[in-house]
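K.L.:
Once you've had a glance at the structure underneath, I'll fire off some questions.
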């Protein structure tokens with residue numbers, strides 16, 4: 001029982017909108033399950049709830065849980081308070097969503113005559129809600145509800161007589177109350193019965209009040225036939241309407257009529273047009289039902305399709321027993337035309353032979369069954385407009401003229417906030433159509449002067465004003481544009497770089513091929529191809545724009561902060577172009593500015609006029625520019641070189657130092673404060689970028705030569721030799737391939753052998769190397785070991801012993817392996833030089849080795865020398881060892 005009460009409480013709470021906090025739990029002490037809730041300000045039927053005392057609220061909610069209905073208003077509730085019916089569980093569940101129904105016959109008929117998507121018959125989706133057909137049980141019953149047999153009434157007396165009676169209207173239509181004569185109830189409205197009972201209470205029960213409500217309404221069976229999904233008897237309650245009955249029967253099929261539903265019963269026969277309910281068609285609809293009524297849904301009548309620019313395109317049924325209807329009535333059913341005027345009404349009809357024909361309709365025309373009406377614009381064109389496009393906050397459309405006043409550029413761009421930040425102000429474009437031919441062309445204007453109020457331009461109908469971003473102009477120097485200027489196709493991007501998907505580049509390439517000298521001044525600008533950029537949206541929208549912009553451009557190179565191509569109007573000052581380029585660098589030499597121009601008035605040959613200008617006075621505004629001009633601002637000569645050098649390791653002040661032209665190693669050592677006492681100048685590692693590139697190319701070249709030798713050996717020995725020889729050859733070729741791959745992956749150090757001892761540099765200035773930007777000088781600490789690697793029994797590092805030779809260190813490492821080749825052993829000295837180790841018997845162990853050296857004992861290559869592809873392996877391995885040693889020193893010093 002407690003579980004049932006708990007469920008009922010949750011249902012009431014969910015219905016009234018009460019939170020879970022409004023309900024308490026039964027505690028160990030037997031506390032009440034329901035805590036006094038706070039009722040919402042409205043009742044379920046939408047009627048405002050009066051302010052009630054907390055006890056009254058508790059009593060009302062408890063009555064709902066106990067009996068399901070109020071027995072009349074409790075004390076404190078006004079007599080006009082709404083009566084709540086008890087049916088808490090009669091709410092229908094929402095219908096599951098289903099896929100679109102297949103086309104009916106009428107829908108398929110019109111689908112073959114109109115463009116997709118196919119139109120649907122109007123109104124039949126009304127019955128897809130999945131309702132049970134029963135009238136909803138919540139809310140107050142209407143005062144004009146007509147009582148009948150089996151209706152349950154709840155009569156509550158308050159005052160001198162306090163009792164609550166649950167009574168049912170008998171089959172004879174009377175209501176029996178204790179100690180009172182039978183009261184006729186059937187056929188009377190709830191209002192009339194309540195008034196009579198109030199009169200009886202006043203007359204016979206002085207000091208008492210009576211409250212009447214409906215406990216349960218009676219049930220009735222309605223027969224439904226015709227074009228419904230589930231014909232037959234449907235159990236309904238007395239509050240049900242025709243719509244409830246049709247929903248209970250599953251709804252009307254699309255083969256059934258919505259405008260000629262017949263209702264037959266004790267009150268006679270009537271025809272119901274549901275369009276008056278669901279489409280606001282003219283007329284009144286009596287949806288009420290009585291016991292014994294029958295509902296018959298006949299087949300659908302004539303239909304007309306209304307498509308195009310209307311509010312509700314659909315297939316509409318004509319009124320009952322009518323084969324035609326006024327066009328205005330059908331357009332009203334479709335919600336009217338979207339466009340107030342200028343509509344073209346086109347009808348597709350069938351003639352007497354069944355052929356389809358089209359005709360224009362007047363607004364007062366009549367349409368017949370089977371007609372398809374299409375509402376179209378009379379002339380769907382835009383008139384009297386100008387647009388602001390491109391680098392704007394949002395595209396703007398304005399009237400080209402208002403009254404007698406025509407639109408201008410100043411009027412269109414009246415607010416600077418219409419433009420996005422950082423626009424290109426030296427040139428804007430108007431895309432204008434010729435009034436006679438309609439052919440479009442571009443007209444340039446100075447956007448900066450327009451924004452400053454110094455220039456203006458009258459606009460014409462259909463003009464599109466285009467504003468550029470600075471990135472749109474920077475794209476004119478991109479690799480894609482440079483390739484197009486050379487006449488190359490967009491697919492021919494070099495180095496595997498993806499081509500820019502930009503139709504404007506095709507138009508530019510065609511223009512450049514047509515005249516090789518047209519863009520010569522841009523082709524020779526010398527801008528590096530740094531990579532591909534995405535095609536700006538403005539060039540996608542207007543593919544001919546780059547061709548026009550480059551014809552209107554000047555080229556500014558040299559010491560501008562952002563050199564490049566700048567589209568301008570004629571007679572633009574150099575000061576404005578320099579401002580567009582972000583200004584000049586501090587190193588600009590304004591005494592010899594080069595200015596080149598191609599005169600346009602020369603006959604035959606076009607001479608190139610080149611002039612040197614002295615602009616040290618910075619009177620840039622005096623230089624007036626025209627499209628196709630070229631300006632070069634040279635750089636002043638400076639003694640500072642173009643980059644720093646880096647000192648690491650045992651310097652007193654290591655770090656990055658900028659250098660001047662011609663500075664030497666001894667000078668930079670002096671600037672760093674000299675070396676520490678632990679420095680080992682003989683082991684200095686000096687690396688240079690240019691040397692690194694040459695070494696890396698040498699590794700790649702050696703790898704290519706090695707692979708070529710492998711191919712020659714394999715082809716020459718494919719037939720000759722025994723099976724065992726061929727097997728050894730295959731192993732050798734595999735080893736050679738691995739060596740070639742190692743050479744390609746090897747990282748060159750770029751090390752140079754230099755003298756870094758300041759004492760020796762002072763004594764022999766010819767050894768003092770000139771520095772270049774990017775050089776790295778690493779001075780290690782004095783080492784105390786010698787490393788032995790290669791075909792040694794125990795490779796590793798040994799402590800330096802004064803006077804020891806290579807043979808001593810090899811002997812201390814366990815000696816050579818079986819296949820070692822001591823005659824080819826070499827030493828990598830700390831300064832990066834290599835020398836023979838002297839391990840042969842006649843070489844007596846070689847010279848003494850300084851600390852930090854590397855002894856390399858290679859493997860005997862004699863089995864492979866006859867094939868000729870490893871003749872220089874010792875030299876290659878020596879280069880790799882030197883590079884590895886240099887890199888190790890640099891990494892170790894950088895880590896410190």
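K.L.:
Order these peptides, 557-570, 764-777, by their mean beta-carbon neighbour count within 10 angstrom, highest first.
P.N.:
Ranked from most to least packed, the peptides come out as 557-570, 764-777.
K.L.:
Sticking with this structure for a sec: In the stretch 303-377, what percentage of the DSSP-assigned beta bridges are antiparallel, given to the nearest 5? Don't skip to the end; give the middle numbers.
P.N.:
Working: 19 of 23 bridges.
Close to 85 percent.
K.L.:
So how far apart, in nm, are the two label points at residue 541 and residue 799 if each is 7 Å from Cα heading toward Cβ?
P.N.:
Going from the residue 541 label point to the residue 799 one covers 8.1 nm.
K.L.:
Compute the FRET efficiency between residue 741 and residue 610 as 1/(1 + (r/R0)^6), taking r as their Cβ-Cβ distance and R0 = 41 Å, and round to the nearest 0.05.
P.N.:
0.15
K.L.:
Place a label point 7 angstrom from the Cα of residue 406 along the Cα-to-Cβ direction, then list the residues of the stretch 422-447 whose backbone nitrogen is under 14 Å away.
P.N.:
Zone members listed by number: 432-436.
K.L.:
Treat each spin label as a single point 7 Å out from the Cα along the C-beta direction, and report the residue 108 to residue 192 distance in nm.
P.N.:
The answer from the label model is 5.4 nm.
K.L.:
Using only alpha carbon pairs under 8 Å that are at least six residues apart, calculate the relative contact order of the stretch 783-860 and give it in whole percent.
P.N.:
Reported as a whole number, the value is 40 percent.
K.L.:
Please say if the stretch 600-704 is rounded, prolate or oblate, where rounded means a/c under 1.5 for a ≥ b ≥ c the square roots of the C-alpha gyration tensor eigenvalues, and otherwise the choice is prolate for a/b larger than b/c and oblate otherwise? Please report the intermediate quantities before stating the final value.
P.N.:
Values: a/c = 5.34, a/b = 2.01, b/c = 2.66.
In terms of gyration-tensor shape, oblate.
K.L.:
Starting from the 7 Å offset along Cα-to-Cβ, what nm value, one decimal, do you get for the label separation of residue 767 and residue 452?
P.N.:
Between residue 767 and residue 452, the simple spin-label model gives 6.6 nm.
K.L.:
Then there is this: Report the FRET efficiency, 1/(1 + (r/R0)^6), for residue 322 and residue 223, where r is their Cβ-Cβ distance and R0 is 25 Å, rounded to 0.05.
P.N.:
0.35
K.L.:
Still on this model: Provide the gained length on full extension for the span residue 177 to residue 591, in nm with one decimal, where the gain is 0.36 nm per separating residue minus the Cα-Cα distance.
P.N.:
Net length gain for the segment: 136.9 nm.
K.L.:
Would you please put 315-327, 737-749 in order of how densely packed they are, using the mean number of other Cβ atoms within 10 angstrom per residue and starting with the highest?
P.N.:
Listed from highest to lowest mean packing, they are 315-327, 737-749.
K.L.:
Here's a follow-up. Starting with the highest mean, order 822-830, 610-618, 694-702 by the number of other Cβ atoms within 10 Å, averaged over the residues of each peptide. Let's see the in-between values first.
P.N.:
Details: 822-830: 21.7, 610-618: 12.2, 694-702: 15.4.
Ranked from most to least packed, the peptides come out as 822-830, 694-702, 610-618.
K.L.:
Counting other C-beta atoms within 10 Å, which of 366, 687 has the fewest, and how do the rest follow?
P.N.:
Ranking 366, 687 by Cβ neighbours within 10 Å, fewest first, gives 366, 687.
No value in this document is a laboratory result; all are computed from the given coordinates. Since this is a predicted model, take the numbers as computed values, not measurements. Glycine gets a Cβ as well: all are built from the backbone with ideal geometry, and neighbour counts include every protein chain shown.
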